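The values are calculated or read from the model by the stated rules, or taken from the named source; none is laboratory data. These figures come from a predicted structure and were not determined experimentally. Because the Cβ atoms are built from the backbone with ideal geometry, glycine has one as well, and the counts that use them run over all protein chains shown. Calculation scope for accessible area: heavy atoms of the full protein, side chains included, ligands and nucleic acids excluded. Shrake-Rupley method; radii C 1.70, N 1.55, O 1.52, S 1.80 Å.
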Amino acid sequence: MADKKALRIRAALVVLVFAAMLLFFERAHPLVILDADDWTYIAASRAAVPSLRFWNPARILPELLMPWASNLAVLLFRPLGFIPSLTVMNGLVLSLFITWYVFCFHRLLTNRLALREDAAALLSLLFLLLHFLIFRIEAQNNDYLFRARDVTCVYYYTIPGLLNCGLVMRLMTTGEHRRFPEKGAPLRKGLLAAVSYLAVFSNLFESVMLAAYCGLDFLFSCFKDDRKDRRAFLRSQAFNLAVLLLWGVSVFMEGGGERAESANTLPFFYSAGLCLRALLLQVSCMNRVFLLLAAVCLAGGMFLAVTGRKERGACFPALFLRLALLILLCAAFEVLLCAKVQPVYIARSDALFVVYSALLALLMLSLGALVGKKEGLTACLPLLLVLVLSVTNTGLRTFMESNDLYAPARVCTALGNDLVEQIVEADRAGKTEVTVHVVDSGSEDNWPQTLYMGPRVAASLYKHGLTEKLMTVRIVPDRAVNERLQVMND
C-alpha cells in the first residue's frame, strides 16, 4: 500500500508540473520563432561530433534538438500552420525537460534525505516556484530562470542547463556513475553515456555543472576510497575521468571555433572584475521575499550541516558541502567565461542557470533537512507554497516574453506568418526571387528580422516543404509593417 501511495504522489507531481508548464509556455508565454538565429537553427544540420567546421564546434545538443523538434512539429502539427506548429513543439519540449528536472530533484529529496513522498512533492513544487519568484521585483515584465532572449537560446542555454542540473541530481541520488564499469544493465549504462555526452557537448555555460560535479566526486573519492588497488580505483572513477576529458575537449574546441573569434576584446582581468561586480549586484535584483526565505533556509541548513557531521549515516552534511562547492566553482567559471566572451552575459539568467539552480537546490534541500528533523514542519509547507505563489504572480503581465522585441506572442506570430506568406505566395506564382518587407527595428542590421536572414528563411521554408524551390529572399525593413502589425511604433 505504501508503494502504491508513493507512486500516486509521484504521478500526481509529474502531471501537475507538466500541465502547469505546458499552460505557461503554450498559452501564457508561447515560444515563437522570430529572429535570424531562430530561422537558422530550426533547419540547421550537423554531425553529433565536435568539429571546428561548425560555427559552434562543440554545441551538439542544441544543434541536434532544435531542428529535430522543428521537423517533428511540422509533421505532427502542420494543420495549425507553420509558425504555430513550431510554437506548440517548443513549449512541449521545454515543459518535458522542466518536468524531468523537477522530478530528479524530488528523487534526490526522497532517496538521500529519506523524506516522505508528500513532503518531497511539496518541496519540489516550491523549488519550481522559486525559479519564477527569484527575479520577480516589478509589477510586470520580470525575468525568470526558464526565460531566454529567444527560442534559440531556450535550446542553447535553458535546456542544456536543465539537462546538466537534472543529470547531476540523478547522479547524486543513485551514484550509478561509480558503478559504470561493472557488468550488467548495458542499456541503462548506454543511455547514461549518451545523455552525459550530450550534456557535456551542449554549452560551456551549462556543462560546467556536470564537469564540476565529476571533478569534486573524483577528489572526494581520492580521500575516502581505498587507493591501494590503483586499477580498481581508476575503474570506479572511469565515468568521472571520461566526463572531465570530454569537457576539456569541448573547452578546447569552443576556444578554437569561429564563434570564439567574436569574443570580448577588453583586457581580461578588467572584464573579470566587471563580471564579478555585476554578479554580486545580482543580489539587488532578487525578490525580497525570496531573499528572506533564502536566509532562513541557508541558516538552518548550515546549522544542520555542522551539527550533523558526526551523526552516523547522515547524508545532508555531505550534500550541503558538495552543493556549496558546486555553486562556488560554477560561479567562478561563469565569471571567467563571461570575461573572455562578453561581460554582458553575466546579467543573463539563462547563461547562469546552473548557478541559480544549484542555489535553489541547496535552499530546498536545507528546508527538506529541517522538515526531516522536525516532521511537524510538513504541515507548514502547503501554506508556504500558497504564500510564495501569491507573491510571485502580480495583477499585470508578470513575466517577460522570450523575444528581443518583448512583444506578445500574437505579434511575433503575425510577423512570422506575414514573412512566410510573402515567400510562399511568390513561390506559388512561379517566381525564384522575392523581396520581403519586415518590421523596421531602426538598428544597423535590423535585428531581430535582420537584413542578412533572407537565405536562412528561404532554406528553412524549403527544407520543411513550404516552398517547391529554394528561393532568393531579400529583406527590406518597412515602417508600414510596424504600423500594420502594431509593433515598435514608439
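Tabulated data
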item	result
Rough spin-label spacing in nm, given labels placed 7 Å along Cα→Cβ, for Leu451 and Leu321	5.9
Principal axis dimensions, largest first and in whole angstrom, of the chain by Cα	77, 54, 53
Helix 60-77 vs. the chain, principal-axis angle (Cα, 0 to 90°, nearest 10)	60
Spacing of the two label points (7 Å from each Cα toward its C-beta) at Ala314 and Arg235, in nm	3.5
Pairwise centroid distance, computed over Cα atoms, of the stretch 42-76 with the stretch 438-490, Å	22
Cβ crowding within 10 Å averaged over residues, with 414-420, 72-78 ranked highest first	414-420, 72-78
Cα-based convex hull, the stretch 104-181, per residue volume (Å³, whole number)	102
Charged-residue dipole, Cβ positions (Lys, Arg, Asp, Glu), the stretch 411-490 about Cα centre, Debye nearest 20	320
Paired Rg and Dmax values of the stretch 58-201, which use every Cα atom, in angstrom	17.5, 56
Segments 450-456, 266-272, 334-340 sorted - mean Cβ within 10 Å per residue, highest first	334-340, 450-456, 266-272
Flagged links, alpha-carbon separation over 27 Å, of Lys4/Lys224; Lys4/Lys374; Lys189/Lys224	Lys4/Lys224
Length gained when the stretch Arg277-Leu396 is fully extended (0.36 nm per residue, less Cα-Cα span)	39.7 nm
Stretch gain in nm, segment Arg78-Ala194, where the contour uses 0.36 nm per residue and the Cα spacing is subtracted	38.7 nm
Peptides ranked, highest mean first, by Cβ atoms within 10 Å: ranges 142-155, 474-487	142-155, 474-487
Check: the chain dipole with +1 on Lys, Arg Cβ and -1 on Asp, Glu Cβ, in debye	2380
Cβ-Cβ FRET estimate between Arg428 and Ala332, R0 fixed at 51 Å, reported to 0.05	0.35
Rounded accessible area per residue of the chain, 1.4 Å, Å²	46
Tilt relative to the chain, helix 2-23 - C-alpha long axis, 0 to 90 degrees, to 10	30
Descending principal axes extents, the stretch 176-318, alpha-carbon based, whole Å	49, 49, 30
Net +/- balance of residues flanking Pro343 in space, Cβ distance below 14 Å, scoring K and R +1, D and E -1	+2
